[in-house]
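Visitor: Supplied in structure tokens, the structure appears directly below.
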Amino acid sequence: MADEHSQFKGLLKSVTQFIKNIWNDMRKEGFKRTLHKDMKDIYQFYLDDEMRDRLSEMKWYKRWAYLTVLVLKNMIIKLSPTRRILVLLSILIYFYGRFVAQSNYFHLGFLILLLILILELKDKLLSYDELKEARILQLSMLPETFPKYPDIYIACYMKTANEVGGDYYDFQQMEDGTLIVVIGDATGHGMKSGVVVTAIKSLFSALGANPDISAFFNRCTQILKGMTLEYLYMAMTLIRIKNRTLTASVAGMPPILLYKSKDKIINEISKGGTPLGFTECHYQKTDMELEPGDTILLMSDGFPELLNDKEEMLDYNRVKEYFKEAAHHAPEEIIAQLCDAGEKWRNERAQDDDITFVVLQVKQ
């Protein structure tokens, strides 16, 4: 009797804890907002652009009817053959049970659907573990420490949209005192873009010291094209600093922003060719003299293209304003202020793309 009482108390405690977890999830995540995001994700994942365009032209009741059918159809198609058969079998069993008025068939159909859900959850958790390992590997490729350059303060930041991102930054310090900084952004994000990042890191380590930046970029293009990674490219910015002379070249990346401390203005360095891996071309370079207090901002497009809950883009003009307001601070504080501005702008909307900053400031 005591054992039964103890088991009942344990079960009651588990149920109570489960209810508390659900309640905390609803309070912390915002149930309505999260549900809206999940529904939007379903809409984006299961329907292509043509289907979405057709639905937008329909009246609301017809649109919802078609939407339900299309999502169910595409969901079943995306399942493995065995699970597809099980879903169809569970539906047939359910309706047969309704026809013959037997509740056992309904229960059986429900159990089959529950089995499919358990199997899909298992696959998702396994994939998540693999992505987690890939994420650890990717982070291990980023510099653990920054170069100790006598005249430059350096700070970096990266926040990926998915477990494995497509952004990348790295440094090299040459014997003649040249500091080389690179920031890149592979198209998309996820496992494939992670492969491109891995390849580019190896190429930068082996070839990045080439003083001819255009030749280095084109060599990367040749090797990426040889890998036959369809529709995967790497946008990149590379700068070299020696004796307070900045040499920069841009390959499909957002413009470099240079805050001139003396004049309190922002110069934009945006001359750039196509992303690496697309086609070979001549990449222009820009040379500028740096003065004490000058601050350089390198960034991926995830920040200026950040969307808020109204689907409005942050855009480059706002980024320049935020940077100008913060540029007189230390690099770490500049990044903190940019991140705060981004968080306020997106207003709890999910981050769609990787965000990376590299800030360099000439010592006073």
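The values are calculated or read from the model by the stated rules, or taken from the named source; none is laboratory data. Quick caveat, the model's predicted, so the values are computed rather than measured. Every residue, glycine among them, receives a Cβ derived from its backbone with ideal geometry; neighbour counts consider all protein chains shown.
Visitor: Of the numbered conditions (1) within 18 Å of L232 (Cα to Cα); (2) in contact with a Leu (Cβ under 9 Å, 6 or more places away or on another chain); (3) at pLDDT 80 or above, L113 satisfies every one except a single condition; which is it?
Guide: It fails just one condition, (1).
Visitor: Same structure, new question: Can we say A336 is over 19 Å from I239 (Cα atoms) and modelled with pLDDT of 95 or more? Full working, then the answer.
Guide: Numbers: over 19 Å from I239 (Cα atoms): yes; modelled with pLDDT of 95 or more: yes.
Yes, satisfied.
Visitor: For the range 28-65, what are the residues that are in a loop (DSSP other than H, G, I, E, B) and modelled with pLDDT of 70 or more?
Guide: Residues of the range 28-65 that are in a loop (DSSP other than H, G, I, E, B), as a first pass: 30, 47-48, 57-59.
Result: L47, D48, E57, M58, K59.
Visitor: Test of understanding: among A199, A206, which residue is farther than 22 Å from T356 by Cα, among the small types (G, A, S) and either crowded, with 17+ Cβ neighbours inside 10 Å or assigned by TED's automatic domain parsing to the domain that holds D170 (or both)? First the steps, then the outcome.
Guide: Numbers: A199 fails: farther than 22 Å from T356 by Cα.
The match here is A206.
Visitor: When the range 220-238 is examined, which residues are found to be assigned to a helix (DSSP H, G or I) and under 25 Å from M299 (Cβ atoms)? It would help to see each step written out before you state the result.
Guide: Keep residues of the range 220-238 that are assigned to a helix (DSSP H, G or I), which gives 220-226.
Within the range 220-238, C220, T221, L224 meet the criteria.
Visitor: Residue under question is K310, and the condition is that it be of a type in the set (K, R), under 17 Å from V181 (Cα atoms) and surrounded by fewer than 22 Cβ atoms within 10 Å (Cβ to Cβ); does it hold? Steps first, answer last, please.
Guide: Numbers: of a type in the set (K, R): yes; under 17 Å from V181 (Cα atoms): no; surrounded by fewer than 22 Cβ atoms within 10 Å (Cβ to Cβ): yes.
Criteria not met by K310.
Visitor: Being hydrophobic (A, V, I, L, M, F, W, C) and more than 17 Å from A161 (Cα to Cα) is the filter here; which residues of the range 303-336 pass it?
Guide: As a first pass, look at the range 303-336 and keep what is hydrophobic (A, V, I, L, M, F, W, C): 303, 306-307, 313-314, 319, 323, 326-327, 330, 334-336.
V319, F323, A326, A327, A330, I334, I335, A336 - these are the residues of the range 303-336 that are hydrophobic (A, V, I, L, M, F, W, C) and more than 17 Å from A161 (Cα to Cα).
Visitor: Looking at A215, A248, which is the one that is closer than 24 Å to H329 by Cβ, of a type outside the set (V, I, T) and at pLDDT 90 or above? Steps first, answer last, please.
Guide: Details: A215 fails: closer than 24 Å to H329 by Cβ.
One residue alone meets the criteria, A248.
Visitor: Further question: Take F303 and tell me if it is free of Cβ contacts under 8 Å to residues at least 60 places away in the same chain and among the hydrophobic types (A, V, I, L, M, F, W, C).
Guide: Details: free of Cβ contacts under 8 Å to residues at least 60 places away in the same chain: yes; among the hydrophobic types (A, V, I, L, M, F, W, C): yes.
Yes, satisfied.
Visitor: Among what's in the range 253-270 and is in contact with a Pro (Cβ under 9 Å, 6 or more places away or on another chain) and not in a strand (DSSP E or B), pick the residue that is nearest to A330 (Cα to Cα).
Guide: In the first step, residues of the range 253-270 are kept if they are in contact with a Pro (Cβ under 9 Å, 6 or more places away or on another chain); the result is 253-254, 261-262, 268-270.
With the extra rule that they be not in a strand (DSSP E or B), the set shrinks to 253-254, 261-262, 270.
Values: M253: 24, P254: 22, S261: 13, K262: 16, S270: 24 Å.
Ranking the qualifying residues of the range 253-270, first place goes to S261.
Visitor: Taking the condition over 30 Å from A326 (Cβ atoms), surrounded by fewer than 21 Cβ atoms within 10 Å (Cβ to Cβ) and either aromatic (F, W, Y) or assigned by TED's automatic domain parsing to the domain that holds N317 (or both), does C220 pass?
Guide: On the way: over 30 Å from A326 (Cβ atoms): yes; surrounded by fewer than 21 Cβ atoms within 10 Å (Cβ to Cβ): no; either aromatic (F, W, Y) or assigned by TED's automatic domain parsing to the domain that holds N317 (or both): yes.
It is false that C220 is over 30 Å from A326 (Cβ atoms), surrounded by fewer than 21 Cβ atoms within 10 Å (Cβ to Cβ) and either aromatic (F, W, Y) or assigned by TED's automatic domain parsing to the domain that holds N317 (or both).
Visitor: With respect to L126, is the statement that it is part of a helix (DSSP H, G or I) and either over 30 Å from T356 (Cα atoms) or polar (S, T, N, Q) (or both) true?
Guide: Numbers: part of a helix (DSSP H, G or I): yes; either over 30 Å from T356 (Cα atoms) or polar (S, T, N, Q) (or both): no.
The answer is no for L126.
Visitor: Then there's this: Of the residues that make up the range 223-236, is at least one out of contact with any Pro (no Cβ under 6 Å at 6 or more places or on another chain), of a type outside the set (A, V, I, L, M, F, W, C) and buried (at least 21 other Cβ atoms within 10 Å of the Cβ)?
Guide: Scanning the range 223-236 turns up no residue that is out of contact with any Pro (no Cβ under 6 Å at 6 or more places or on another chain), of a type outside the set (A, V, I, L, M, F, W, C) and buried (at least 21 other Cβ atoms within 10 Å of the Cβ).
Visitor: Among all residue pairs at least 6 apart or on different chains, which show Cβ distances below 9 Å where the first residue, located in the range 249-267, is within 30 Å of C281 (Cα to Cα) and the second is surrounded by fewer than 16 Cβ atoms within 10 Å (Cβ to Cβ) and β-branched (V, I, T)?
Guide: Y259/I265
Visitor: Say we look at the range 337-364 and pick out the residues that are part of a loop (DSSP other than H, G, I, E, B) and under 14 Å from the mean Cα position of the chain (by Cα); which of these is nearest to P292 (Cα to Cα)?
Guide: First, the residues of the range 337-364 that are part of a loop (DSSP other than H, G, I, E, B): 347-354, 363-364.
From what is left, the residues that are under 14 Å from the mean Cα position of the chain (by Cα) are 349-354.
Working: R349: 38, A350: 38, Q351: 35, D352: 36, D353: 34, D354: 31 Å.
This residue is D354.
Visitor: Right, here's the next one. Kindly check whether there is at least one residue in the range 286-293 that is assigned to a loop (DSSP other than H, G, I, E, B), surrounded by fewer than 16 Cβ atoms within 10 Å (Cβ to Cβ) and in contact (Cβ under 8 Å) with a residue 40 or more places away in the chain. It would help to see each step written out before you state the result.
Guide: So the first thing to find is which residues in the range 286-293 are assigned to a loop (DSSP other than H, G, I, E, B), and the list is 290-293.
Adding the requirement that they be surrounded by fewer than 16 Cβ atoms within 10 Å (Cβ to Cβ) leaves 291-292.
Pick out the ones that are also in contact (Cβ under 8 Å) with a residue 40 or more places away in the chain and you get 291-292.
Yes, because at least one residue in the range 286-293 is assigned to a loop (DSSP other than H, G, I, E, B), surrounded by fewer than 16 Cβ atoms within 10 Å (Cβ to Cβ) and in contact (Cβ under 8 Å) with a residue 40 or more places away in the chain.
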